[in-house]
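Down below is the structure, laid out as structure tokens.
The values are calculated or read from the model by the stated rules, or taken from the named source; none is laboratory data. None of these values were measured; they are calculated from a predicted model. A quick note on method: Cβ atoms are made from the backbone with ideal geometry, for glycine too, and the neighbour counts reach across all protein chains shown.
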Amino acid sequence: MSDDESVYEGRDLENGRRVFAVAQCFKCHRFKGEGGLVGPDLTASGRRFNQQNLLEALVEPSKVISDQYQPTLFSLLDGRQIAGRVINLNGNNYLVQQNMLDPGSLTPVNVDEIDEMVPSPVSMMPDGLLDTFTLDDIRDLVAYLKSGSDDVAVKSIDGGRKKKAND
Ligand code: HEC
């Protein structure tokens, strides 16, 4: 068994799903075939992350930024800075997505105006999304994420309690 066997103990997966929706996670993330595509699909995240890593990913998105979604920080010759994800290079302009909640709006950055281009330390995932939720809500959310890749566990949940599969 994983180190996360207790993740479902006393948890309410329905509430976890509610938190996932209310906290706007679906806007960027796909989970079991539902939701947006601008961020990574989280269906299998419960397999790749343990409970602690998941919690960290939710509360401190910039601590670990997955390569595929690495944003770039442009310092321009006029002193301005622009951070975001490079979607493509169109002629002389990088097209930069600055806000994933408004994914269609792209900022052009002219290559001739760039002083420096470095990986940005700030994730495209906003922090503070869970600030208004209780610790119980957050733990329900983590259990919900875990359940995405754990069919047996979900089936064995009964009244918020996890039973052994062969009980
Ligand atoms: C504005 C878009 C956006 C929103 C809203 C958002 N995320 Fe994310 N999330 C991302 C991006 C982009 C990444 C990948 C970059 C990174 O690792 O920081 C990510 C990474 C993650 C990861 C790590 C997954 C991996 O494969 O690296 C988890 C877990 C996660 N988000 C959960 C959530 C949850 C739960 C919510 C709702 C509370 C949420 N996210 C809201 C954009 C978003």
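Please enumerate the residues belonging to the range 19-34 that are more than 12 Å from the chain's Cα centre (by Cα) and of a type in the set (G, A, S).
Here is the first cut: in the range 19-34, the residues more than 12 Å from the chain's Cα centre (by Cα) are 19, 21-22, 32-34.
Matches in the range 19-34: A21, G33.
Out of the range 42-52, which residues are at pLDDT 95 or above and near the ligand (Cβ under 8 Å from one of its atoms)?
Listed by number, the list holds a single entry, L42.
Do you know which residues across the range 82-124 are more than 26 Å from K27 (Cα to Cα) and at pLDDT 95 or above?
Within the range 82-124, the first condition is being more than 26 Å from K27 (Cα to Cα), and the residues that meet it are 90-93, 110-118.
Answer for the range 82-124, where residues must be more than 26 Å from K27 (Cα to Cα) and at pLDDT 95 or above: G91, N92, N93, N110, V111, D112, E113, I114, D115, E116, M117, V118.
May I ask you to list the residues in the range 85-106 that are polar (S, T, N, Q), surrounded by fewer than 18 Cβ atoms within 10 Å (Cβ to Cβ) and within 16 Å of the ligand (Cβ to nearest atom)?
Of all residues in the range 85-106, those polar (S, T, N, Q) come to 88, 90, 92-93, 97-99, 105.
Applying the additional criterion that residues be surrounded by fewer than 18 Cβ atoms within 10 Å (Cβ to Cβ) yields 88, 90, 92-93, 98-99, 105.
Across the range 85-106, the qualifying residues are Q98, N99, S105.
Pairs, please: C-beta under 7 Å, at least 6 apart or cross-chain, first residue farther than 13 Å from L141 by Cα and more than 9 Å from the ligand (Cβ to nearest atom) and in the range 17-37, second of a type in the set (F, W, Y) and not in a loop (DSSP other than H, G, I, E, B)?
The qualifying pairs are E34/F26; G35/F26.
Exactly one of (1) near the ligand (Cβ under 9 Å from one of its atoms); (2) over 12 Å from the mean Cα position of the chain (by Cα); (3) farther than 17 Å from M100 by Cβ is unmet by Q68. Its number?
Going through (1) near the ligand (Cβ under 9 Å from one of its atoms); (2) over 12 Å from the mean Cα position of the chain (by Cα); (3) farther than 17 Å from M100 by Cβ one by one, Q68 breaks only (3).
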